[in-house]
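Asker: Here it is, the structure in full.
Each value in this text was obtained by applying a stated rule to the coordinates, not by laboratory testing. Here the structure is a predicted model, which is why all the values come from computation and not from measurement. Glycine gets a Cβ as well: all are built from the backbone with ideal geometry, and neighbour counts include every protein chain shown.
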Amino acid sequence: MHRYNFTVQWSDDDECYIARIVGFPGVAAHGDTPDDALKEVQVSLELAIEVYLEEGWELPEPQVLAPTA
């Protein structure tokens, strides 16, 4: 099981929430709610991992997020 950290932010430009995976460039998804964006980015992550494995590429290491106050 791969344990990646996700971020979710509101985008005024796109008028939706954008979820990204910390340390895994190019994998992102959007949704009308933070939960929708997280669900979609998890699907994107699964697909990206499949491609990485099929191509023999090394998966990015999960990044540790610094705690926030």
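Asker: Would you check which residues across the range 6-16 are under 11 Å from VAL41 (Cα atoms) and either more than 8 Å from the chain's Cα centre (by Cα) or assigned to a loop (DSSP other than H, G, I, E, B) (or both) and list them?
Answerer: Matches in the range 6-16: VAL8 only.
Asker: Yes or no: ALA29 without any contact (Cβ under 8 Å) to a residue 24 or more places away in the chain, within 8 Å of the chain's Cα centre (by Cα) and more than 18 Å from GLN63 (Cα to Cα)?
Answerer: Working: without any contact (Cβ under 8 Å) to a residue 24 or more places away in the chain: yes; within 8 Å of the chain's Cα centre (by Cα): yes; more than 18 Å from GLN63 (Cα to Cα): yes.
It is true that ALA29 is without any contact (Cβ under 8 Å) to a residue 24 or more places away in the chain, within 8 Å of the chain's Cα centre (by Cα) and more than 18 Å from GLN63 (Cα to Cα).
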